[in-house]
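To keep things clear, I will list the structure first and then write my remarks on it.
The values are calculated or read from the model by the stated rules, or taken from the named source; none is laboratory data. Quick caveat, the model's predicted, so the values are computed rather than measured. Neighbour counts are summed over all protein chains in view; Cβ atoms, including those assigned to glycine, are modelled from backbone coordinates with ideal geometry. To get the accessible areas, we keep the full protein, side chains included, count just its heavy atoms, and leave off ligands, DNA and RNA. Shrake-Rupley method; radii C 1.70, N 1.55, O 1.52, S 1.80 Å.
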Amino acid sequence: MKATSFEFRFRVLIAILLYVLGFWAPWEHYHAVAPQTTAWLALSTTLAGLHWLTVSQATLLVTWLAILCVFAGAALRIWGTAYLGSSVVHSMQMHAGETVASGPYRFVRNPLYLGTWLFAAGISILMPPSGAIFFLAATLVFYFRLILGEEHYLAAHLGEPYLEYRRRVPRIVPSLRPRLAASGLRAQWMQGFVGEIFMFAFACCLAALAWQYNADVLIRCLLVCFGLSLIARAALPRPQLAGH
């Protein structure tokens, strides 16, 4: 069930592929007449169909939930990256220097993957309904496989200190209180912010532009934010790998 080293090395490309499939939803093109809609509209009308909310109220609810998801995801990514280091987070190899027990890692073992999935959940409203369902399910399975692969690697390289950390801190559902005393590791907030600028920038775009209810505009914003993030991250230091 755990991810292979190939999956970890190319995890960004695999994630991009899942995004493309979610937005494209190629299986919908087999229909002679495929209605052009988004999960945003489909979810809003479904909630309104339960007669608990009007269409307007349901649309506002879905919009606010999406905004909260992307901001929560961005915040977790920035917080986690600030303590772990952007070079480690975005490296193509696994690292096992020491067990990090500071910041969000006192509450949950995998704040980065949790943040990534929350961000993905917010973006999924821009996809076709079937694309959003596929995307959320596929990313959930993929990130869980990556988590299992990292846990196996860290247990093998760090031994008992990591096993004790794993016993005390939940894997993916955060504890309401810290499970460990802070290790004293200082956060590198600028590195965390620049390393995760893509998510923060798009969260701001969604908060500002969602009220136009134009998925095409937001998809273009998503692409622009991703491109700008590549430029910003190129300025960050590269990890120093053993043997290099």
Pairing the Cα long axis of helix 39-49 with the longest principal axis of the chain, what angle in degrees results, from 0 to 90 and rounded to the nearest 10? 60
Determine the relative contact order of the chain: mean sequence separation of Cα pairs under 8 Å and six or more apart, normalised by residue count, in whole percent. 29
At Glu28 and Arg9, where each label point lies 7 Å from the Cα along Cα→Cβ, what is the point-to-point distance in nanometres? 3.5
Quick one: pull the percent of accessible area on the chain belonging to carbon and sulfur, 1.4 Å probe, ligands and nucleic acids left out. 68
Helix 11-24 sits at what angle to the longest principal axis of the chain, using alpha carbons and giving 0 to 90 degrees rounded to 10? 10
What's the whole-number percent of alpha carbon pairs in region 103-219 lying beyond 18 angstrom? 64
Where the centre of each part is set by its Cα atoms, how far does region 157-191 sit from region 35-61, in angstrom? 39
Taking only the alpha carbons of region 165-239, the radius of gyration and the largest Cα-Cα distance, Dmax, both in angstrom, are 17.3, 47
Would you mind classifying region 1-126 by shape? Square roots of the alpha carbon gyration tensor eigenvalues, ordered a ≥ b ≥ c; an a/c under 1.5 is rounded, otherwise it is prolate if a/b is larger than b/c and oblate if not. oblate
On a 0 to 90° scale, report how tilted helix 129-158 is relative to the longest principal axis of the chain, with both axes built from alpha carbons and the result rounded to the nearest 10. 0
Extension gain from Met1 to Leu68, taking 0.36 nm per residue of separation minus the Cα-Cα distance: 21.0 nm
Just reorder Ser5, Ser175 by solvent-accessible area, largest first, 1.4 Å probe, all chains present. Ser5, Ser175
5 Å binning of all Cα-Cα separations within region 56-156, expressed as whole percents from 0 upward: 2, 12, 18, 23, 18, 12, 8, 4, 2, 1, 0
Just to confirm my understanding: which cysteines in the chain have no other cysteine beta carbon less than 4.7 Å from their beta carbon? Cys69, Cys204, Cys225
Per 5 Å bin, what percent of the C-alpha pairs of the chain does each bin hold, from zero upward? 1, 6, 12, 17, 18, 16, 12, 8, 6, 3, 1, 0, 0
Say we join alpha carbon atoms closer than 10 Å with springs in a Gaussian network model of the chain; which of Ala215, Ala48, Ala74 then has the biggest fluctuation? Ala48
By how many nm would the segment from His90 to Ala232 lengthen if fully extended, with 0.36 nm per residue of separation less the alpha-carbon distance? 49.8 nm
At a threshold of 8 angstrom on Cα-Cα distance, excluding pairs fewer than six apart, so keeping six or more, what relative contact order does region 52-114 reach in percent? 38
When only C-alpha pairs under 8 Å and at least 6 residues apart count, what is the relative contact order of region 66-207, in percent? 46
